[in-house]
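This report concerns only the one structure given below.
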Amino acid sequence: MCGRFTLTADPDELRQAFPWLNIAEMGPPRYNIAPSQPVAVAANDGKNRLDYFVWGLIPSWAKDPTIGSRMINARAETLAEKPSFRAAFRRRRCLIFASGFYEWQTLPGRKARQPMYIRMQDSRPFAFAGLWETWNAPDGSQVLSTAIITTEPYALMSTIHNRMPVILPSAVHPLWLDRGEPGLDLLQALLVPYPEAEMTAFPVSMLVNSPANDAPQCILPAS
């Protein structure tokens, strides 16, 4: 599961990591992004543009948008089967931009779980594999929403949690953002753990436990 993440990169850093990305405007740095909040994405709509979608996928057929609170993640292994995700997997894919993410580790002899922050060793921004949908509200407005795809973890991550978000290397971004239907087998092959040699993880403050705390202190190593 991925239930919190960060996007602390400024527009110049994001452009350097994603030279093809059009950034008209960008919100402030985020240190504790939580479900139901806006997240920065690039959808496979051919525009290569930074947009903001609600985190928590609302299928187009949903009668109640609150279903999104239960669909912040989508398991890579079952995307092609689940009614909530299979159409989006075929046709509506996106990148979700991040600087790092949190998971909570269970430690022997401790009741409270330890929050851990996971990021690239060089602190560069990266992109999760995501799905997106458009939901038409009864009042005629539209809600664009997204979910982060998760997979089984690599060795380092497995000591922290039994799932991790799929991080896509830049070489496969064009395929993931293809407006067509490249083929489910081809897409499925992309949904694997990111190389752990490029990543690092360390404990952080319990501040991150509350979504109300959205400050640089959230990502500082715990003393």
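Go through region 181-214 and give me each residue that's surrounded by 14 or more Cβ atoms within 10 Å (Cβ to Cβ), over 19 Å from residue 104 (Cβ atoms) and aliphatic (A, V, I, L, M).
Residues satisfying the conditions are 187, 190, 191, 192.
Please state which of the following conditions residue 77 fails to meet, knowing it meets all the rest: (1) of a type outside the set (Gly, Ala, Ser); (2) surrounded by fewer than 22 Cβ atoms within 10 Å (Cβ to Cβ); (3) not in a helix (DSSP H, G or I).
(3)
Among the residues of region 207-221, write down those that are part of a loop (DSSP other than H, G, I, E, B), in contact (Cβ under 8 Å) with a residue 40 or more places away in the chain and of a type in the set (A, V, I, L, M).
Of everything in region 207-221, just one residue is part of a loop (DSSP other than H, G, I, E, B), in contact (Cβ under 8 Å) with a residue 40 or more places away in the chain and of a type in the set (A, V, I, L, M), namely 215.
Read through the list (1) at pLDDT below 95; (2) buried (at least 20 other Cβ atoms within 10 Å of the Cβ), then give the number of the only condition that residue 64 fails.
Tallying (1) at pLDDT below 95; (2) buried (at least 20 other Cβ atoms within 10 Å of the Cβ), residue 64 fails exactly one: (2).
I need the full set of residues from region 185-206 which are without any contact (Cβ under 8 Å) to a residue 40 or more places away in the chain and either under 25 Å from residue 30 (Cα atoms) or not small (Gly, Ala, Ser) (or both), in order please.
The answer is 185, 186.
Does residue 84 satisfy being modelled with pLDDT under 95, among the hydroxyl-bearing types (Ser, Thr, Tyr), more than 18 Å from residue 158 (Cα to Cα) and in a loop (DSSP other than H, G, I, E, B)?
Considered against the rule, which asks whether it is modelled with pLDDT under 95, among the hydroxyl-bearing types (Ser, Thr, Tyr), more than 18 Å from residue 158 (Cα to Cα) and in a loop (DSSP other than H, G, I, E, B), residue 84 comes out as yes.
Of all residues in region 133-143 being farther than 18 Å from residue 34 by Cβ and hydrophobic (A, V, I, L, M, F, W, C), which is surrounded by the fewest Cβ atoms within 10 Å (Cβ to Cβ)?
Restricting to residues being farther than 18 Å from residue 34 by Cβ and hydrophobic (A, V, I, L, M, F, W, C), the top hit is 137.
So that you can scan it fast, the table gives a plain yes or no per residue for (1) hydroxyl-bearing (Ser, Thr, Tyr); (2) farther than 15 Å from residue 42 by Cβ; (3) at pLDDT 95 or above:
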{"position": "91", "(1), (2), (3)": "no, yes, yes"}
{"position": "133", "(1), (2), (3)": "no, yes, yes"}
{"position": "140", "(1), (2), (3)": "no, yes, no"}
{"position": "146", "(1), (2), (3)": "yes, no, yes"}
{"position": "172", "(1), (2), (3)": "no, no, yes"}
{"position": "181", "(1), (2), (3)": "no, yes, no"}
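On the basis of being closer than 27 Å to residue 183 by Cβ, aliphatic (A, V, I, L, M) and under 12 Å from the mean Cα position of the chain (by Cα), does residue 88 make the cut?
no
So the check is Cβ under 7 Å with 6+ separation or different chains; which pairs have a first residue in region 5-22 that's free of Cβ contacts under 8 Å to residues at least 12 places away in the same chain and in a helix (DSSP H, G or I) and a second one that's hydrophobic (A, V, I, L, M, F, W, C) and surrounded by 14 or more Cβ atoms within 10 Å (Cβ to Cβ)?
15/21; 15/23
Condition check ((1) closer than 25 Å to residue 153 by Cα; (2) in contact with a helix residue (DSSP H, G or I) (Cβ under 7 Å, 6 or more places away or on another chain); (3) without any contact (Cβ under 8 Å) to a residue 12 or more places away in the chain; (4) not small (Gly, Ala, Ser)) across all residues:
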site: 28; (1), (2), (3), (4): no, no, yes, yes
site: 52; (1), (2), (3), (4): no, no, no, yes
site: 68; (1), (2), (3), (4): yes, no, no, no
site: 79; (1), (2), (3), (4): yes, yes, no, yes
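Yes or no: residue 15 basic (Lys, Arg), out of contact with any His (no Cβ under 6 Å at 6 or more places or on another chain) and closer than 28 Å to residue 161 by Cα?
When the stated conditions are applied, residue 15 does not pass them.
The values are calculated or read from the model by the stated rules, or taken from the named source; none is laboratory data. The structure displayed is predicted, hence computed values, not measured ones. Neighbour counts are summed over all protein chains in view; Cβ atoms, including those assigned to glycine, are modelled from backbone coordinates with ideal geometry.
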